[in-house]
Amino acid sequence: MLSSDYLFTMTDNISDMYEELNNSIIEDIARRISSMDMLSESTVWQAQRVRESGALYDDIIKKVSSQTGKTQEELRETFKKAGIDSWDNNMKMAGLTNTLNITENAKNVLLAGLNKTDGILHNMTLTTAIDSQQKFIRATDLAYQQIASGAFDYNTVIRRTVKDLARSGIGSIDYASGIKRSMDSTVRTVVLTGINQTVGTMTEIQAREVGANGYEVTAHRRSKRYSSVLARKTILY
């Protein structure tokens with residue numbers, strides 16, 4: 001069992017990493033827009049925009065790849081710590097004075113949960129690259145039209161475009177339901193969901209091994225006015 005306070009901070013390092021990636025993409029887009037000749041002929045401009053958008057996509061993938069090793073390492077450590085802490089806490093709550101090593105079955109569950117979550121994050125980074133590429137194209141198209149019309153000067157348009165991109169965020173995830181979530185929020189949800197599901201399965205394995213017919217799990221934190229609520233789940237054998 002893991003407390004809500006424990007879960008609240010355990011993904012901070014991973015979320016911070018993706019937020020750094022988000023910021024670096026915005027900076028890269030700003031640099032590319034600033035270096036483009038917005039007043040070139042239309043056909044030349046289109047060709048330049050296509051080249052830049054392709055280069056942007058490649059650079060984002062490279063940025064993600066350069067952080068992949070660290071991401072996998074951080075994720076592996078987070079899952080490992082959560083699994084061990086949950087295992088030890090369950091043993092203590094069962095009234096056993098000595099903690100036992102995680103069994104082979106539980107290790108396999110932990111590894112499966114880690115691989116699944118890492119796969120989801122990998123797919124999300126590809127979505128981020130495509131989303132960033134499309135935002136770059138839309139932003140540069142609008143900037144070109146504003147400058148070509150003569151209504152705005154080059155520097156004003158560049159500053160406005162960069163600010164708009166920073167406000168909208170890069171790598172936000174659009175769900176089919178219409179809900180839009182930021183990168184760090186999505187990463188946190190993915191990791192916590194993976195950990196909760198994995199630890200839950202490990203707890204069921206452990207309960208069977210010690211002969212328990214039920215166990216307690218912490219509910220989601222509701223607000224500061226309420227303390228964490230305990231819910232009991234009974235396992236039928």
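Mean separation of Cα pairs under 8 Å and 6 or more residues apart, divided by the residue count, gives region 4-212 a relative contact order of 36 percent.
Taking 7 Å steps out from each Cα toward its Cβ at residue 24 and residue 181 produces label points 2.4 nm apart. Label-to-label distance, residue 40 versus residue 62, with points set 7 angstrom from Cα along the beta-carbon direction: 1.9 nm. Applied to region 17-31, the Karplus parametrisation 6.51 cos²θ - 1.76 cosθ + 1.60 on θ = phi - 60° returns per-residue 3J(HN,Hα) values of 4, 6, 5, 4, 4, 4, 5, 5, 5, 4, 5, 5, 4, 4, 5 Hz, with x for Gly and Pro.
Compared with the alpha-carbon gap, the fully stretched path from residue 12 to residue 120 is longer by 37.1 nm at 0.36 nm per residue.
Of 63/92; 107/135; 92/116; 116/163, which pairs sit farther than 32 Å apart, going by alpha carbon to alpha carbon? From the list (63/92; 107/135; 92/116; 116/163), the Cα-Cα distance tops 32 Å for 63/92; 107/135; 116/163. Put simply, the Cα atoms of region 4-212 extend 77, 27, 26 Å along their principal axes, the longest span coming first. Whole-Hz Karplus values for region 192-198 come out as 5, 5, x, 5, 4, 5, 5 Hz, taken residue by residue from phi with 6.51 cos²θ - 1.76 cosθ + 1.60 and θ = phi - 60°; glycine and proline positions read x. For residue 91 and residue 130, what is the calculated FRET efficiency with R₀ set at 45 Å and r taken between the beta-carbons, to the nearest 0.05? FRET efficiency, residue 91 to residue 130: 0.50. Among 36, 183, a tally of other beta-carbon atoms within 10 Å of each Cβ gives an order, fewest to most, of 36, 183.
Values quoted throughout were computed directly from the atomic coordinates according to the rules given, and no laboratory measurement underlies them. In this text, all values refer to a predicted model and were calculated from it rather than measured experimentally. Glycine gets a Cβ as well: all are built from the backbone with ideal geometry, and neighbour counts include every protein chain shown.
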